[in-house]
Structures are given as structure tokens and as C-alpha cells.
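J.: Before I ask anything, here is the structure I am working with.
The values are calculated or read from the model by the stated rules, or taken from the named source; none is laboratory data. Everything numeric here is computed off the predicted structure, so don't read it as measured data. Methodologically, a virtual Cβ is constructed for each residue, glycine included, from the backbone with ideal geometry; neighbour enumeration extends over all protein chains shown. The area values use the complete protein model at the heavy-atom level, side chains included, leaving out ligands, DNA and RNA. Shrake-Rupley method; radii C 1.70, N 1.55, O 1.52, S 1.80 Å.
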Amino acid sequence: MKKSTEKYILWFKEIKKGSIAQVGGKGANLGEMVSFDIPVPNGFVVTAQAYFKFLKDNDLENSLDRILKKVDLDDPDTINKASQDIQKIILNGEMCDELAKDIMHAYAKLSGTFKQIPV
């Protein structure tokens, strides 16, 4: 199988303020802090592209849409129920080898000689 050209992992040093669509606000802020030499522990972000690939690979888009259409934003119970249902669906999904390997490789690089560090 041919490896995708999508970047599923971005290191903080690769991220800028304009990367919000790929890494979210927190990831973009961490990247900006690194670019200004603010002391931030080394790290990486699993991108939105990785998330969307996971959804597509598991054919979850329609299921999530059906759940979200039932949500009444004025009724916290429907929000909680949707959240629980979505969590179950996502936890039952399978991550493709390419994405899993990218994440494991980045984690191993981050961990270095310690072999395992909390993230």
C-alpha cells in the first residue's frame, strides 16, 4: 500500500499561528510559543487530517451526522447522550497501520532513551 502524502503528525517546531485548521488552537499556540523560543517541552500534534482519515476509514461520517442531528442545544441531556454515543463509535473504530505507525514513531522519537514518557 502506498503511503499517503498527508501529514498526520506535526512537531511543535513545524506549527505556526496559521496552522489552526490542521492542529487546532492549542496546537497552533504551542507552535507559536516554540517559534518565539518560549520554553515548551518538545511535542507533536496528531493533525485534523489524521482524525478525518480515521472517520473515513471507519465510515463514521454518516453515523456521527445522524447522532448530531438529534441534539437539541437547549437540552443538555441530548448533548450528553450524543457525546456518549460518539465516544463509543470512535472507540470501536480501528486505526489504519499508516496512522498508527506515524504516531508510534513520533512517540518513540519524543520518548528517546526513556522509552516511555507521559503525554
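J.: Kindly establish whether Gly112 is at positive phi and either in contact with a strand residue (DSSP E or B) (Cβ under 8 Å, 6 or more places away or on another chain) or open to solvent by less than 70 Å² (accessible area, probe 1.4 Å) (or both).
T.: yes
J.: Out of all the residues in the stretch 83-119, which are modelled with pLDDT of 95 or more and either polar (S, T, N, Q) or over 22 Å from Asp57 (Cβ atoms) (or both)?
T.: Residues satisfying the conditions are Ser83, Gln84, Gln87, Asn92.
J.: Step by step: first the residues of the stretch 16-51, then only those that are under 24 Å from Ala108 (Cβ atoms) and of a type in the set (Val, Ile, Thr), then the one that is most open to solvent (accessible area, probe 1.4 Å). Which residue is that?
T.: This residue is Val46.
J.: Hey, another quick one. With the requirement that a residue be among the basic types (Lys, Arg) and outside any helix (DSSP H, G or I), what does the stretch 73-119 give you?
T.: The one that is among the basic types (Lys, Arg) and outside any helix (DSSP H, G or I): Lys115.
J.: From the list Glu32, Glu6, pick out the single residue that is part of a helix (DSSP H, G or I) and of a type in the set (Asp, Glu).
T.: Checking each option against the conditions leaves just Glu32.
J.: How do the pairs read when you match residues in the stretch 58-84 that are without any contact (Cβ under 8 Å) to a residue 60 or more places away in the chain and of a type in the set (Asp, Glu) with residues anywhere that are open to solvent by less than 70 Å² (accessible area, probe 1.4 Å) and part of a helix (DSSP H, G or I), using Cβ under 6 Å and keeping only pairs 6 or more apart or on different chains?
T.: Within 6 Å, the pairs are Glu61/Leu55; Asp72/Thr78.
J.: Scan Gly93, Gly18, Gly43 and give me the residue that is touching a residue at least 12 places away in the same chain (Cβ under 8 Å) and over 21 Å from Val119 (Cα atoms).
T.: That would be Gly93, the only listed residue that is touching a residue at least 12 places away in the same chain (Cβ under 8 Å) and over 21 Å from Val119 (Cα atoms).
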